[in-house]
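Heads up, the thing below is written out as structure tokens.
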Amino acid sequence: MKTTRVLAISSAGGHWEQLMLVRAGLDECEVVYAVTNLAVAERSGVAAVAIPDFNAKAPLRTALGSLRIAALVLRVRPDVVISTGAAPGLVAAAVGKLIGAKAIWIDSIANAHRLSLSGRLARHVADLWLTQWRHLATDKGPHYGGAVL
């Protein structure tokens with residue numbers, strides 16, 4: 001039986017901490033972790049690949065960072081991309097979809113009043129689109145299945 005290859009990707013800080021809380025569910029998978037700051041991965045005891053940090057406020061940095069994320073996705077060839085945010089995870093999910101991967105988006109618990117921009121855009125690429133706040137869930141998504149914190 002083929003082992004599921006997962007790209008688990010997030011920005012550093014709270015996004016990474018939340019991703020680490022779901023990693024036990026990935027025990028049966030071959031996982032490549034990617035994060036914007038390798039020091040947080042080292043503190044978590046996880047081997048990870050460094051990815052660039054970017055956001056919509058810096059278009060050139062976003063374009064260049066997106067190319068690096070695309071190269072990572074093409075190198076890893078994941079069956080599933082899972083992210084807790086932010087923009088680098090969204091780009092990875094979108095590129096993953098282009099090569100046939102499933103995408104799982106878990107919007108950060110920090111977004112209590114409104115989904116993040118990346119979380120709102122994730123609706124277009126996520127096969128499973130989740131919020132950690134019951135009041136932000138709708139019938140069409142994002143869905144609520146609990147909080148990871």
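Residues that are part of a loop (DSSP other than H, G, I, E, B), hydroxyl-bearing (Ser, Thr, Tyr) and either in contact (Cβ under 8 Å) with a residue 12 or more places away in the chain or within 13 Å of Gly85 (Cα to Cα) (or both) within the range 98-142 comprise Ser108, Ser116, listed in sequence order. Applying the criterion of being touching a Ser or Thr at 6+ places or on another chain (Cβ under 8 Å) and surrounded by fewer than 16 Cβ atoms within 10 Å (Cβ to Cβ) to the residues of the range 8-40, the residue that is farthest from Asp53 (Cα to Cα) is Glu28. Here Ala86, Ala63 are screened, and the one residue that is over 18 Å from Glu30 (Cα atoms) and in contact with a helix residue (DSSP H, G or I) (Cβ under 7 Å, 6 or more places away or on another chain) is Ala86.
Within the range 81-128, the residues that satisfy the criterion of being over 10 Å from the mean Cα position of the chain (by Cα) and of a type in the set (Val, Ile, Thr) are Val95, Ile99, Ile109, Val125. The set of residues from the range 35-64 being of a type in the set (A, V, I, L, M, F, W, C) and either without any contact (Cβ under 8 Å) to a residue 12 or more places away in the chain or more than 13 Å from Ala87 (Cα to Cα) (or both) comprises Leu38, Ala39, Val40, Ala41, Val46, Ala47, Ala48, Val49, Ala50, Ala58, Leu60, Ala63. Counting residues in the range 65-80 that are more than 18 Å from Ala34 (Cβ to Cβ), of a type outside the set (Phe, Trp, Tyr) and without any contact (Cβ under 8 Å) to a residue 24 or more places away in the chain gives zero.
Within the range 59-73, being exposed (fewer than 13 other Cβ atoms within 10 Å of the Cβ) and either within 16 Å of the chain's Cα centre (by Cα) or of a type in the set (Gly, Ala, Ser) (or both) holds for Ala63, Ala71. Of the strands (runs of 3 or more DSSP E) lying entirely inside the range 1-90, those carrying at least 2 residues that are of a type in the set (Gly, Ala, Ser) are 5-10, 48-50, 80-85.
Just so you know, all these numbers are worked out from the coordinates, no wet-lab data involved. Remember, it's a predicted structure, so these values are computed and weren't measured experimentally. Glycine also receives a Cβ, built like all others from the backbone with ideal geometry; neighbour counts cover every protein chain displayed.
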